1. Which entries of 151/242; 309/397; 391/633 have Cα-Cα distances beyond 30 Å here?
2. Short version: ³J(HN,Hα) in whole Hz for each residue of region 56-71, in order, from phi by Karplus 6.51 cos²θ - 1.76 cosθ + 1.60 (θ = phi - 60°), x for Gly and Pro, what are they?
3. Arrange the following residues from fewest to most other Cβ atoms within 10 Å of their Cβ: 120, 633.
4. Which whole-number percentage describes the relative contact order of region 178-256, with Cα contacts under 8 Å and a sequence gap of 6 or more?
5. Dimensions of region 178-256 along principal axes (Cα, Å, largest first)?
6. How would you rank 614, 537, going from fewest to most other Cβ atoms within 10 Å of each one's own Cβ?
7. Once both labels are modelled 7 Å past Cα along the beta-carbon direction, what's the residue 124-residue 460 spacing in nm?
8. Residue separation times 0.36 nm, minus the C-alpha to C-alpha distance between residue 181 and residue 478: what's the value?
Amino acid sequence: MYLHRNEIKEWKQINYRNVDTMLSVQFIYDLYDQYNSEINWFRFKNVSLYYQDNKLWSYTPQDDWEKVLCNIANQFKNPKSFSNPNIIEKCYWYYNRREDLLEDFIAREKNTDLSNLENKKLYEILFNWYQITLNQIYYINLAPVELGLQKAINDLEPLKYIGTDDISTLYSLEENTAVIKEELEFLRKIYSNREKSIEDLINMHLEEYDYITIGYGSKPMAREVLVDRYKKIKEMNDDELKNKIEKIEKYPTDIIQQKQKVYRKLKNKQLIELFDLAAKLGIMRDRKKALLGKAVKFRNTILNEIKNKNPNESENIKYYTMDDFYNLLVLGQALDDEEISKRKEGIYISNVSMISTGMEEREEYYNSVKSVENNTNILKTRKGVCASSGKVVGKAKICLTFEECNKLEEGEILITYGTDFDFMNAIIKSKAIVTEEGGILSHASVISRELKKPCIIAFKGITKVLKDGDLIEVDATKGIVRILEEQKNNISNSELYEGIYRGNQEVNVLEVGNKAYNLSLMNKQGFNVPEAYFLSTIFFKTILKEYNKLEEYLKYASNLEEYKENILNLIDNVEIPISIFEGILDFEKNTYAVRSSSTNEDGTNKSFAGQYITELFCGTMEFTIKSIRKCWKSLLGIGLEKYQDENTDNLSGGIIIQKMINADYAGVMFTKNPVSNNKDCIIIECCKGVASKLVDNKVIPDRYFINKQTLEITGQISENNIPREKIMELCEIGKKLEEYYDCDLDIEWACKNNILYLIQCRPITT
């Protein structure tokens, strides 16, 4: 049976998969049988598969697909005719049994010296492996069950009761996935074996977990990936690493608690039951993939030996069926060159009794099935399904294979058909994920929820419309993708960009405020100041320029109580374009502190300390935007109103976005004693971690009294958190700054990896 163009339009793509190192042709046969079997509570009447260049597409008529999904959904919605838990229980029993069989098989055969075996014995081992894995583990297809369950849930309209974020929570798994468990074990090994070399740690880990990236035929975990991960983890101190470990360990418990809160809002017993089943099904799918990873890892050792014994067929092995392996290893008959050439051209299966490998059939099938709207209208007319909520902007990277994933840079957005274990490194580096296929329990969906990354699934045509480097906005909550103009290239012509300054630029104090101005001065003098950007009063007013009453509100700021609510409402509702900060802020490598910088604060007369908002450890664009709004609103707060006198004319003060230094220890330094006014005394206070704990009076600080002239420590209240040489270095910095500013100074500092950073500087006003 051949497919013609007029028929293909009504066919639906069931699946796409990269089957690079599987027994590719045998895998196609088995997948075809799977779709045509009555196991799994469904059966497709007509299925077509196409394989070429290690890629496999499968299709069924649109009507068949909809009937199958409706049938599964109706069974889930009608517990009288269908026992819901039995599905899950049967799957669990089946896979637990397959896992036991596989583990026993591997334990029995792993010490076998394959090189000493005859070809017949090699075939027996391969065949036994095949019976347990491809022919058994993979045989039950959970994807249609998942999509049918998803349809049953959607038909019951959960959005009537709860929001998108709550739905994502309910779909989250109540145990860590295999790849997250691997990450956890890697962190534990590093934390417990700080003294071991990187080589020893990686060898130790690979011995146990090198299968983790192997799904449906991908490559084992690469050593260089672990080296890269190791270097990033080693930058953490013990407290940071311990907190990360504890956070991952707590994830299942936290998810269960979050679900209970949502269940109380949902108040729909049937929906609660179905969401619970969905989470259990997701766990089963993850276990299945991990099991296949172990299976394929062992299979590789068998195939490598077959290649060694049959070097002439080394490149052709993937095109062999199990019957072909029997002929090769037992009968000594290899596939002829003509048949291999045909299979390399492409394999098309539309009937169990027919395989077509000719060029004509390939072109007819491939071109007609793969045709899609190749234009950006798809983005306007279609949308995907939210798997993990969030909204980000970044550059698109199209990755359809494992090799292409290696080209993805940190902070790019992963665009692909679907993900598997081998995509994990790319997922970690990506800012968001958009896939053409998959359900709410697919690999991309589950992992994105664990990692708190925006993810859209089932967005058909997205890999055709976008190209590498496109600047896009991914609004996962709405399932929308938009192509943006490259605003960074028009920086000189942008009003908003004109209101943003780098921390090392010369700036006007009236535009950026005293705090930002002081940072700029310290930068100019060569002091070590963390990278920062200043949002000026120009930026503030440009953002709000469409509101005609803004200037009027600001004019009457002396009567702020009357107008405050209106101004705050403006700030809450105005859109701050995320794209403005693309290319400026790098959340993959850094977190940021967002601080107000008014002309009223850090001045020579009043510091206005504690009157304005500071938000630390801003690790996402969304949180940073929220923090900017908070800082603007703090300029207009009631507390400020009570503190200010005549200085009310510039309430649109600046904002500082400064690279966060996750300090080993930090503190403040006074270049005179602020209590006794002794100008010959420098006081240094410090604590472990960031200085906010000290400033907010959350800890009792270490305190040092130093003679400014001799640099002798004349007194101290301390646990010796700071080395003596750093005390001396700080004092020299303080004296230089004091000379430059020609006044007594209050200086905030931090120390990370034995390097001192100056966070802010202001006159002592007491």
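Laboratory data are not the source of any read-out in this text; all were calculated from the coordinates shown. Predicted model, so just to flag it, every value in this text is computed and none were measured. Heads up, the Cβs are rebuilt from the backbone with ideal geometry, glycines too, and the neighbour counts pull from every protein chain shown.
1. 151/242; 309/397
2. In residue order, the calculated couplings are 10, 10, 10, 9, 9, x, 3, 4, 4, 4, 5, 5, 4, 5, 5, 4 Hz.
3. Lowest to highest Cβ neighbour count: 120, 633.
4. 35
5. 35, 34, 17
6. If I rank by nearby Cβ atoms, fewest first, I get 614, 537.
7. 5.0
8. Using 0.36 nm per residue and subtracting the Cα-Cα distance, I get 103.9 nm.
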